[in-house]
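Student: Would you mind keeping the following structure in view while I ask a few things?
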Amino acid sequence: MTDRKEQQKKHWHAMTAEEVVKAFDVDADKGLSSEEAKKRLEQYGRNEIPKTAGRTWWQRLLAQFNNVLIYVLIAAAVITALMNHWVDTWVILAVVIINALIGFIQEGKAERALESIQQMLSLEAVVIRDGKKQTIDAEELAPGDIVILKSGDKIPADIRLFKSKDFRVEESPLTGESTSVEKDTEAVEKESIIGDQTSMAFSGTVVTYGKATGVVTGTGTYTEIGKINQMMSEVEEITTPLLQKIEKFGKWLSLIILGITTLFFGFGYLFRDYETFELLMAVIGLVVAAIPEGLPAIMTITLAIGVQRMAARNAIIRRLPSVETLGSVNVICSDKTGTLTRNEMTAKSVITADKEYRIEGTGYKPEGKFLLDDKEVDPEKEKVLWQLLQTARACNNAEIDKDDQGSWKLTGTPTEGAMLTMGYKAGLKDFKPERIDSIPFESDHKYMATLNKVNGKAFVYMTGAPERIIEMCTKQASDNGSKKIDQDFWEQKMEEAAAMGQRLLGVAYNETDANRTELDKENCEHNKIFLGIVGIIDPPRDEAIDAIKECKEAGVQVKMITGDHVITARAIGKEIGIGDGEKAISGKELEDMSDEKLREVSEEYDVYARTSPEHKLRLVSALQENGRLCAMTGDGVNDAPALKKANIGIAMGIKGTEVSKDASEMVLADDNFASIVNAIEEGRTVYDNIRKALLFILPTNGAESLVLMAAILLGMVMPITPLQVLWVNMVTAVTLALAIAFEPMEEKVMERPPREPNEPILGKIFLWRIVFVSFLIGGLTLGIFLFMQSQGVDNNMARTIAVNTLVAGQLFYLFNCRQINSPAISRGFFGNKYAFIAAGALVVLQLFFVYVPFMNTFFDTAPIGGSYWLYSLAGGLLVFIVVELEKFLIQRWVS
């Protein structure tokens, strides 16, 4: 008996069953003794996946405060508390707490990823121990145990089969492919990937048919599902580009605020005649003016609105910052089955000895014409075709029915569903000849046969692998009667159909003794008449083809990852617009490839076939090392490590496992690739709106800071007080900045290339505009205050007019910001009703600020006459005109 490290190196699937049983030193008939099982359990550990030490709830909650901007906000709260302005303190703290709670709730959902894997494991196992069959807890299984499996069982460990009878396993949690896999006891090639290891049954998968017996080769973390769990625990989650940029921006802003306030305190203390307390209050006012208190809240709201919009388009976002990441994605690695395709096998062609027919329609909806040379034909009038359709209809155990929503659903295997739907399209729904006997499909003989009575005659109908069916045929049917079978002809036709990505099914029949009552293999496998080949595909989604085209226009590369064979993958990729129909690479080729070589290959190839979980994870890593922002789709447990590693993991809502959903940032409610493209559109819009919010909020803080800095430099009375600064910050953030979050998508948003991951959130033009508008609004505010002083207006009234001018400048500037580069007054000007609602709300709030007595007392303001409003309105209008002119000149300069 070897140790664990040696066991891991063994390729059990490539060894004969006898060699494996011998390697584990066990009697295949008697199993392990109880004493030996106990000894091995102590040596190798229980058959369970260890739980990782997750963060406690309070650790997750405290982590939400680990952000520079949050530190700045807390500092603002402390400063306002020191000023005894407790209302403002609690408002700022409320913003901090709401932000933290939203992040805490979202992250709580993500912590379940590894727990979900453990829930997939079997609870019990039937073993042979001490020569007796007994049921034990699956956790008590040890390497070398003999396990008995039957239909419906969840496989409790990795098992090498040595006995099997019609054994099929649904391995989609591991491979992503929904079709049950035929298993047998024969050894396979050493290099075979999981999906091709037909001699193995893997932990966490489900037996769908038949029975088998095998020896346990791996338990706990040494199973394939255990390896996936290990990969998930080792994968570090990627910080989103937005969080990286905002953190960088927050640090940069904090340093500037600290530097400027220290500098101005020193200047005022040394060169101006301010009292220390007065100077301290002015500097505190400068700090409050410079801190964008509303920014985290506006960002959260903008992201939340993006989440709602995406949900309406079938994309459910699980982590708020991921909304924006979608907008910067430049490569999507997508599963094929059910995402790019319908996951509904469809018969698309029939090849007979004389003719080639095409069948319209997709999925299990029994509607579609039969075409010959692009002209509709009546199947019943086509002699050989009609016989083939009757044979395929009778030799079939599937059923299709409409559900409550009017959709056609299949009961049975997908291949039989495709053949049945084809028969329904030909009008053979009610063709149900009496079945006398049948031979079910098995992997060793590769066909299904039925004995049926039709109009008093008996027929043997047969479907299966074309090469196997042809072996049993001596003749082929044609319009001119039966002829000797032409094997070369059929081999050529099979190659042509396979090159088009079609799975092939052969159909044959023969008339037999009318009194025959049973079928047996010996008398069934010869003297058949070959009717033809049916070509079956999993048809592409129409909307996926359009979405892939849209991705290309948007500069987003799409890569297809599938469990299909290379020829099929290549053909399907070409049909849907991925790859050139020539270049495709298999998992086997990726296996021994160095990381450096894989980085080259990841850029060169778009179609990947027969891949394993490790391949997907390495592919995502290679793309990220090449500077790509990668989205990855998946539905099985096998996809979870790659989903977690990707910048955006996208799970399937309908067919996806809970593990894949928990490891992802986004879930597709309809499993449709087109929904990913819709989400990218929304992601780009969210990023645009966050930039617009920054473009709007920062000049507010800039203008206030400039006014206060100018006052300190000039040694004059403060034009606005710290409390008035906080008022302007809060009302503009709550009303005007909030409106930007609702801005609709700009034109041609998907015609732009993805932005570079390292592109700063504030580019040179943005920084210029922030500085320019800060000086413009700040200069107007300071100028109005000085003018009012020169007219003999008292300080409180002059400050009130100055604040109104500052707010008016922001109000008009809002409409400049709604379009970053385009003219403000253009198509879509009235597209955001919230901008006008916010403007109205701001006017009402400002009237309260000016005329309500307790507001006058609290904020040191004074009521003003109507004529004084004209100064503020003129200042706001001037801001709007000047900024529009600046946008026009900048665009001409850039272009």
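The values are calculated or read from the model by the stated rules, or taken from the named source; none is laboratory data. Bear in mind that the values here come from a model prediction, so they are computed numbers and not experimental data. Here the Cβ positions follow ideal geometry from the backbone for every residue, glycine too, while neighbour counts run over all protein chains shown. We work out accessible area using only protein heavy atoms, side chains counted, and drop any ligands, DNA or RNA first. Shrake-Rupley method; radii C 1.70, N 1.55, O 1.52, S 1.80 Å.
Student: What's the total number of residues in region 641-679 that are surrounded by 24 or more Cβ atoms within 10 Å (Cβ to Cβ), among the aliphatic types (A, V, I, L, M), within 12 Å of the chain's Cα centre (by Cα) and in a helix (DSSP H, G or I)?
Tutor: So the answer is 5.
Student: Looking at the structure I just gave you, is I70 part of a loop (DSSP other than H, G, I, E, B), β-branched (V, I, T) and modelled with pLDDT under 90?
Tutor: Values: part of a loop (DSSP other than H, G, I, E, B): no; β-branched (V, I, T): yes; modelled with pLDDT under 90: yes.
The answer is no for I70.
Student: Let me ask you something else. Name the pairs whose Cβ atoms lie under 9 Å apart, with the first residue in region 379-405 and in contact (Cβ under 8 Å) with a residue 60 or more places away in the chain, the second open to solvent by 80 Å² or more (accessible area, probe 1.4 Å), and 6 or more positions between them or separate chains?
Tutor: A394/K432; A394/R435
Student: Can I ask one more? Given the criterion in contact (Cβ under 8 Å) with a residue 24 or more places away in the chain and over 23 Å from M494 (Cβ atoms), identify the matching residue among Y424, Y357. Let's see the steps before the verdict.
Tutor: Values: Y357 fails: over 23 Å from M494 (Cβ atoms).
Every option except Y424 fails the conditions.
Here is a yes/no grid of residues against (1) on the phi < 0 side of the Ramachandran plot; (2) in contact with a Cys (Cβ under 8 Å, 6 or more places away or on another chain); (3) open to solvent by 10 Å² or more (accessible area, probe 1.4 Å); (4) not in a loop (DSSP other than H, G, I, E, B):
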| residue | (1), (2), (3), (4) |
| --- | --- |
| V307 | yes, no, yes, yes |
| M310 | yes, no, no, yes |
| I316 | yes, no, yes, yes |
| V323 | yes, no, no, yes |
| A347 | yes, no, no, yes |
| V350 | yes, no, no, yes |
| A353 | yes, no, yes, no |
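Student: In contact with a Phe, Trp or Tyr (Cβ under 6 Å, 6 or more places away or on another chain), open to solvent by 30 Å² or more (accessible area, probe 1.4 Å) and part of a helix (DSSP H, G or I): does that describe Y868?
Tutor: Answer is no for this residue.
Student: What strands (runs of 3 or more DSSP E) lie completely within region 514-621 and have 1 or more residues being open to solvent by 40 Å² or more (accessible area, probe 1.4 Å) and of a type outside the set (V, I, T)?
Tutor: Per the criteria, 557-562.
Student: When residues of region 809-837 are filtered for being among the hydrophobic types (A, V, I, L, M, F, W, C) and open to solvent by less than 10 Å² (accessible area, probe 1.4 Å), how many remain? Steps first, answer last, please.
Tutor: Within region 809-837, the first condition is being among the hydrophobic types (A, V, I, L, M, F, W, C), and the residues that meet it are 811-812, 814-815, 817, 820, 824-825, 829-830, 835-837.
Filter once more, keeping what is open to solvent by less than 10 Å² (accessible area, probe 1.4 Å): 814, 817, 824, 835.
The number of residues fulfilling the criteria is 4.
Student: Next question, about the same structure. Which of the numbered conditions does M494 fail, given that it passes all the others? Conditions: (1) crowded, with 22+ Cβ neighbours inside 10 Å; (2) over 14 Å from A394 (Cβ atoms).
Tutor: Going through the list (1) crowded, with 22+ Cβ neighbours inside 10 Å; (2) over 14 Å from A394 (Cβ atoms), M494 breaks only (1).
Student: Here is a further query. Only one of T337, T346 is touching a Pro at 6+ places or on another chain (Cβ under 6 Å) and not aromatic (F, W, Y). Can you tell me which?
Tutor: Being touching a Pro at 6+ places or on another chain (Cβ under 6 Å) and not aromatic (F, W, Y) holds for just one of T337, T346, which is T346.
Student: Does region 9-20 contain any residue that is modelled with pLDDT under 70, over 29 Å from the mean Cα position of the chain (by Cα) and within 30 Å of D158 (Cβ to Cβ)?
Tutor: yes
Student: With A508, A514, A418, A498 as the choices, which residue is out of contact with any helix residue (DSSP H, G or I) (no Cβ under 8 Å at 6 or more places or on another chain) and either closer than 30 Å to R570 by Cα or modelled with pLDDT of 95 or more (or both)?
Tutor: Among A508, A514, A418, A498, only A418 is out of contact with any helix residue (DSSP H, G or I) (no Cβ under 8 Å at 6 or more places or on another chain) and either closer than 30 Å to R570 by Cα or modelled with pLDDT of 95 or more (or both).
Student: On to the next question. Within region 529-542, can one find any residue that is in contact (Cβ under 8 Å) with a residue 24 or more places away in the chain and under 26 Å from E665 (Cα atoms)?
Tutor: Filtering region 529-542 for residues in contact (Cβ under 8 Å) with a residue 24 or more places away in the chain gives 529-541.
Adding the requirement that they be under 26 Å from E665 (Cα atoms) leaves 540-541.
Scanning region 529-542, I find at least one residue that is in contact (Cβ under 8 Å) with a residue 24 or more places away in the chain and under 26 Å from E665 (Cα atoms), so the answer is yes.
Student: Another one. Given (1) open to solvent by 20 Å² or more (accessible area, probe 1.4 Å); (2) within 28 Å of L762 (Cβ to Cβ); (3) touching a residue at least 60 places away in the same chain (Cβ under 8 Å), where does V329 come up short, assuming only one miss?
Tutor: Answer for V329: the failing condition is (1).
Student: Looking only at residues that are touching a residue at least 60 places away in the same chain (Cβ under 8 Å) and assigned to a helix (DSSP H, G or I) in region 748-767, which one is surrounded by the fewest Cβ atoms within 10 Å (Cβ to Cβ)?
Tutor: The residue in question is E751.
Student: So, in region 203-223, of the ones that are touching a Ser or Thr at 6+ places or on another chain (Cβ under 7 Å) and not in a strand (DSSP E or B), which residue ends up surrounded by the fewest Cβ atoms within 10 Å (Cβ to Cβ)?
Tutor: In this case the residue turns out to be T223.
Student: Hey, another quick one. Here are N832, N795: which of them is closer than 20 Å to T732 by Cα, out of contact with any Ser or Thr (no Cβ under 9 Å at 6 or more places or on another chain) and at pLDDT below 95? Walk me through how you get there before you give the answer.
Tutor: Details: N795 fails: closer than 20 Å to T732 by Cα.
Being closer than 20 Å to T732 by Cα, out of contact with any Ser or Thr (no Cβ under 9 Å at 6 or more places or on another chain) and at pLDDT below 95 holds for just one of N832, N795, which is N832.
Student: Limited to region 361-378, what total is found for residues that are part of a loop (DSSP other than H, G, I, E, B) and more than 26 Å from G563 (Cα to Cα)? Outline the logic, then answer.
Tutor: Applying the first criterion (part of a loop (DSSP other than H, G, I, E, B)) to region 361-378 yields 361-369, 373-374, 378.
Remaining after also requiring more than 26 Å from G563 (Cα to Cα): 366-369, 373-374, 378.
The qualifying residues number 7.
Student: I've got another one for you. Of the residues E543, E575, E553, E582, which single one is acidic (D, E) and within 18 Å of the chain's Cα centre (by Cα)?
Tutor: Unique residue meeting the criteria: E543.
Student: Under 24 Å from V883 (Cα atoms), at pLDDT 95 or above, within 50 Å of the chain's Cα centre (by Cα) and open to solvent by less than 20 Å² (accessible area, probe 1.4 Å), is that true of I777?
Tutor: Details: under 24 Å from V883 (Cα atoms): yes; at pLDDT 95 or above: yes; within 50 Å of the chain's Cα centre (by Cα): yes; open to solvent by less than 20 Å² (accessible area, probe 1.4 Å): yes.
Here the answer is yes, as I777 does meet what is asked.
So that you can scan it fast, the table gives a plain yes or no per residue for (1) modelled with pLDDT under 80; (2) over 26 Å from the mean Cα position of the chain (by Cα); (3) within 26 Å of I585 (Cβ to Cβ):
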residue	(1), (2), (3)
L174	yes, no, yes
V207	no, yes, no
I228	no, no, yes
E234	yes, no, yes
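Student: Can I ask one more? Of the residues that make up region 29-45, is at least one touching a Pro at 6+ places or on another chain (Cβ under 8 Å), open to solvent by less than 50 Å² (accessible area, probe 1.4 Å) and at pLDDT below 65? Break it down stepwise before answering.
Tutor: Taking region 29-45 as the starting set, the residues that turn out to be touching a Pro at 6+ places or on another chain (Cβ under 8 Å) are 40, 44.
Restricting the remaining residues to those that are open to solvent by less than 50 Å² (accessible area, probe 1.4 Å) gives 40, 44.
Filter once more, keeping what is at pLDDT below 65: none.
Looking for residues that are touching a Pro at 6+ places or on another chain (Cβ under 8 Å), open to solvent by less than 50 Å² (accessible area, probe 1.4 Å) and at pLDDT below 65, one finds none in region 29-45, hence no.
Student: Next question, about the same structure. Any residue in region 774-784 that is in a helix (DSSP H, G or I), in contact with a helix residue (DSSP H, G or I) (Cβ under 6 Å, 6 or more places away or on another chain) and over 30 Å from G266 (Cβ atoms)?
Tutor: no
Student: Checking the conditions here, which among E380, E376, E367 is open to solvent by 30 Å² or more (accessible area, probe 1.4 Å), under 13 Å from T421 (Cβ atoms) and not small (G, A, S)?
Tutor: Numbers: E380 fails: under 13 Å from T421 (Cβ atoms); E376 fails: under 13 Å from T421 (Cβ atoms).
The conditions single out E367.
Student: Checking the structure you have, find out if any residue of region 150-165 is touching a residue at least 24 places away in the same chain (Cβ under 8 Å), among the basic types (K, R) and touching a Lys or Arg at 6+ places or on another chain (Cβ under 8 Å).
Tutor: yes
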